[in-house]
Every structure is written in structure tokens, then in C-alpha cells.
1. Percent antiparallel among DSSP beta bridges with both residues in the stretch 29-145, to the nearest 5?
2. Working from the alpha-carbon coordinates of the stretch 29-145, get Rg over Rh, Rh being the Kirkwood radius.
3. Along the Cα→Cβ direction, 7 angstrom out, place labels at A72 and D35. What is the inter-label distance in nm?
4. If the cut-off is a Cα-Cα distance under 19 Å, which lysines reach K138, setting aside same-chain residues fewer than 8 apart in sequence?
5. Go ahead and run the numbers for FRET between S129 and N83, Cβ-Cβ distance against an R0 of 25 Å, rounding to 0.05.
6. Just want the answer: with Cβ charges of +1 for Lys and Arg and -1 for Asp and Glu, which residue in A142, G44, M86 is farthest toward the dipole's positive end in the stretch 29-145?
Amino acid sequence: MPQTMNRRLFQGVVVGALLATASLGNARADELAVDAAWTRASVGRTGAAFVTMSNHGSASDRLVGVASPVAANVMVHRSFEENGSMKMEHVAAVAVEPGQRLEMAPGGLHIMLMNLKQPLKKGDQFPLSLQFERGGTKEVTATVYGPGAMEPK
Ligand SMILES: [Cu+2]
């Protein structure tokens, strides 16, 4: 399809221009935005936090690290179903493509908070730090909702 080819060509030109800009020392840190950080009231010493990541830039970026002062061990996990039971695995890096809005949610990608240092109570807020390969470190504030919340409310 000619339209697709034209778009590809256009994207190539834009990426080339951005790379030229980046080589001049411009970090372009605001192309990657993180918002809607939330979690559920904790039961026990484990919690799961969720964020939405939007890539407003023209180059792909990757989430490569997560941290929070509320838990001793913090990492990105992915939940999935296998043979009828829910499992989860560690995800070393999460790609966020140009124009993509990636929403973490219960049952999918989440930020696992292991060995919580304090209970997460409904209404509390706490800092979450997300490290991106290109966009650098983003600090966001997560809000705690009820124990069974499936979305930030
Ligand atoms: Cu998990």
C-alpha cells in the first residue's frame, strides 16, 4: 500500500532528525510520560502497583528499572494464564513504542512490591521511581485504593 510506504518513509525522516538533535546533547526527557500511578490496599507483605506510560516521541524507549521506598524488592512482573492458573514472571525491560500508551493493569503488567516495609492503606500516597533507557528516571506518586480495586478509583 503506497500510504503505508509513505508513512514509513516519513517516520524514518523524523527519527533521523531526532537522532541528529540527540547527538547535540539534548536529552529530550519529556517525550516519555508516566501518569495514573496507583495500587491497592495491601494484604500481607506484597503489593502490585500500576502506571500508564505514554511515548510522545518518535523513538522507542524501554522501562528498565523500578524502585520505591515502601518495599525492599521492586520489579516489573507480567501476569499470564497457563493451564488454567494465573502465573507471573519477571520482565527485565518493557518497550514503549512511539505513539504508544501502555497501561499496566491487574492481570497483566504490574510493578511488584515485595517485602513491604509498611502496610499500604487506602488513601495513602507513596513515591515510585521508573527508569527508562532513553527518557531517564521518572518520579511519580502512587495512590492507594481499596483492596480489590481493578482500576484507579
Ligand atoms: Cu507480580
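1. Of the beta bridges lying entirely in the stretch 29-145, close to 95 percent run antiparallel.
2. Rounded to two decimals, Rg over Rh is 0.97.
3. 3.7
4. none
5. 0.10
6. G44
Where a number appears in this text, it was derived from the coordinates with a stated rule and is not lab data. Keep in mind that what you see is a predicted model, and the values were worked out from it rather than measured. Using ideal geometry, Cβ is built from the backbone for each residue, glycine included, and neighbour counts are taken over all protein chains shown.
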